[in-house]
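The values are calculated or read from the model by the stated rules, or taken from the named source; none is laboratory data. Being a predicted model, the structure only gives us computed values, none of them experimental. Areas reflect the complete protein model, heavy atoms only, side chains present, ligands, DNA and RNA absent. Shrake-Rupley method; radii C 1.70, N 1.55, O 1.52, S 1.80 Å.
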Amino acid sequence: MKPEKVDKKQLHKLFLAGKPVKEIALELGSTTGSIRTMIYHERLRNPLDWPQRVNYPDKPEMPLLMMHSYECAECAVMFTVEDDEDVDHSVTVCPICQSEDVEDRGYGKFITTSGAMMREA
């Protein structure tokens, strides 16, 4: 199997232009995995020339969720409950064993990492 020959100057130009990795791979005649690996190694060598991308064009913007984190004293499961006006946190029970003995472990912002996990509005 021949090693891939990718023009690194062209790769850098397309990367800085904000093209998705999939499109860069198609344009350069390579695979998405190879392009990701090349970008990773170039970033290790020269991180200022290969900045981390913050916004991906194909990635939907997910809103931050304000959540309360709890720990069950009975079964030691940790779980979160969304902070919503309609939710009464004083009656929170463990989703596994239904115990009312739950301890509040904090409150903060959470980011949804999967569209499938989004609650229907």
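Tabulated values for the structure
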quantity	calculated
In Hz, Karplus ³J(HN,Hα) per residue of segment 65-77 (6.51, -1.76, 1.60; θ = phi - 60°; x = Gly, Pro)	10, 8, 10, 9, 9, 10, 10, 7, 6, 7, 10, 6, 7
Extended-chain gain in nm, criterion 0.36 nm per residue less alpha-carbon gap, TYR107 and ASN46	18.2 nm
Per-residue SASA entry for GLU23, accessible area with 1.4 Å probe, Å² rounded to 10	90
Phi to ³J(HN,Hα) by Karplus 6.51 cos²θ - 1.76 cosθ + 1.60 over segment 35-44, Hz, x for Gly, Pro	5, 4, 5, 4, 4, 4, 5, 5, 5, 5
Anchor LYS9: aspartates and glutamates whose Cα lies under 20 Å away (excluding residues fewer than 8 positions away in-chain)	GLU23, GLU27, GLU42, ASP49
